[in-house]
Amino acid sequence: MLNIWCIAEHRKGKLGRISFELLQKAKQLAEKTDVNLTSVVIGCNLTNDVLKKLFSYGAHKVIYLEGKGLNDFSAEKYSECLAGIIKQRGPDIILAGSTTMGRTLMPYLAVKLETGLTADCTLLDYDGTNLIQIRPALSGNLMAVIKTPNHRPQMATLRPGIVSNLEKSTASDGELEKLDAAINLKNRINKIEHKEADGKFNITEAQTVVAVGKGIKSPKNLDLICDLAETIGAALGASRDVVDRGWLDYSRQIGLSGHIITPKLYIGIGVSGAIQHTAGMQDAKQIIAINKDPKARIFEFADFGLVGDFLEVVPALIKKLDCKNLVL
Ligand code: FAD
């Protein structure tokens, strides 16, 4: 029996989608071997209703480590209480999201547990002994296959957004173990103020995304793109070139070094479709591209392509769109 622990995330009393994505990815290993899935939640004052949601997405067990001040993520505190229970119980595999929290927490934890860590996996497999951790390397030009043969537990972070359809499991209940996570760590870090970077949406959770590339020429043209996004209720995304120019912030970057998204609809405007960008959006259900160059690579991925200057195409689209008839 392979014991897999998935580190859940929550904010403002709600579980993040990554908590369920991890379970779904881990569940796929059950095709190769018997798997026991545990979700681990660290926090304070989370309700049973919230915690029990994890059973509906495949967790057999939920371990809730509760302690004062643990609602806000702290790498030192979270890794301290996790390392203790992991050493005690010895799970085979630990998975977390390649989110801000996962990327910060897991290296701390790997050091405490003296084991390896593969960051940013997009695929997982199992060879009967080892977890096969697969991730893009060399700007996405090859997939690196990584094992941790000599150390345990095996640890990996998984890109958020790699599961396009979250499937509920038939079970809706399981074992909920609550543990007191009172830890005696000196507060070396105090939260003084928390400023949301751009907190109105999370690009990985948006069902419709309008993404802009350098082809929009100037940030002044974002107003026009925002009109389109508003018309269809879309979140605004961007290529890295747009983010590097400071036209939009990193929370909106789509691609290899940005966010992986799997929305129902992606509309790329003035985006060339470089491999590092398409790595982040190619699994969208429907892809529409607007580009003045008919040979742009983005058209290889598009279900619908509009060749033309976005300054003409986008206003015409906004005019034509009857939102009432759109099913997104
Ligand atoms: P361009 O490639 O310059 O494309 C602009 C497009 O706009 C062109 O196709 C052009 O025909 C079109 N256009 C111009 N004018 C108009 C007009 N008036 N109307 C319509 N279309 C027009 N990129 C990402 O996006 N995300 C990543 O996460 C990412 N990670 C990277 C990681 C590494 C290690 C490296 C090396 C690169 C990464 N990149 C990433 C950068 C990537 O290689 C490309 O440089 C980038 O995606 C190009 O952005 P773009 O499509 O906005 O710009």
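Coordinate-derived values only; no laboratory data. What you see is a predicted model; the values in this text were computed from it and never measured. Here the Cβ is made from the backbone with ideal geometry for all residues, glycine too, and neighbour counts use every protein chain on show.
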**Prompt:** So what is the orientation-averaged projected area of segment 223-328, using the convex hull of its C-alpha atoms, in nm²?
**Reply:** 6.2
**Fill in**
Using alpha-carbon coordinates alone, the radius of gyration and Dmax of segment 257-310 in Å work out to 10.2, 28
**Request:** Take the alpha carbon gyration tensor of segment 46-116, find the square roots of its eigenvalues, order them as a ≥ b ≥ c, and report rounded if a/c is under 1.5; if not, report prolate when a/b exceeds b/c, else oblate.
**Result:** prolate
**Message:** Going Cα to Cα from residue 25, which aspartates and glutamates come in below 12 Å? Please leave out same-chain ones fewer than 8 positions away.
**Reply:** 125, 167
**Label-point separation in nm, residue 264 to residue 151, each point 7 Å along Cα→Cβ** = 4.4
**Request:** Measure of size requested: the Rg and Dmax of the chain, with Cα atoms as the atom set and Å as the unit; please supply both.
**Result:** 21.3, 63
**Request:** Looking at segment 1-101, send over the antiparallel percent of its DSSP beta bridges, to the nearest 5.
**Result:** 10
**Item:** Most fluctuating residue given options 77, 147, 68, as computed from a GNM of the chain linking Cα atoms under 10 Å
**Value:** 68
**Asked** Under a point spin-label approximation (7 Å from Cα along Cα-to-Cβ), what is the residue 320-residue 112 distance to one decimal in nm?
**Response** 5.6
**Request:** Using only Cα atoms, tell me the angle between helix 100-113 and the longest principal axis of the chain; keep it within 0 to 90° and round to the nearest 10.
**Result:** 30
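If I take every Cα pair under 8 Å that is 6 or more residues apart in segment 228-302, average their sequence separation and divide by the length, what percent do I get for the relative contact order? Write down the numbers at each step before the final one.
Numbers: 115 pairs, mean separation 18.7, N = 75.
For segment 228-302, the relative contact order is 25 percent.
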**Request:** Sequence neighbours fewer than 8 away in the same chain don't count; with that in mind, list the aspartates and glutamates whose C-alpha is under 13 Å from residue 68.
**Result:** 180
**Relative contact order of the chain, defined on C-alpha pairs under 8 angstrom at six or more residues apart (%)** = 14
**Asked** What is the spin-label model distance, in nm, from residue 227 to residue 312 if the labels are put 7 Å beyond Cα along the C-beta direction?
**Response** 1.7
**Asked** When the chain is modelled as a GNM with alpha-carbon springs shorter than 10 Å, which of 37, 22, 138 fluctuates the most?
**Response** 138
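Based on DSSP, what percent of beta bridges with both residues in the chain are antiparallel, to the nearest 5? Intermediate results must be reported in sequence, preceding the final value.
Numbers: 11 of 59 bridges.
Given both bridge residues lie in the chain, the antiparallel proportion sits at roughly 20 percent.
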**Message:** Quick check: Cα centre of segment 229-276 to Cα centre of segment 76-109, how many Å?
**Reply:** 30
**Complete:** Output row, site residue 137, 7 Å Cα→C-beta label point, backbone N cut-off 18 Å, window segment 83-116, residues 116
**Request:** Enumerate the aspartates and glutamates that residue 87 could reach by cross-link, defined here as Cα to Cα under 16 Å, with residues fewer than 8 away along the same chain left out.
**Result:** 114
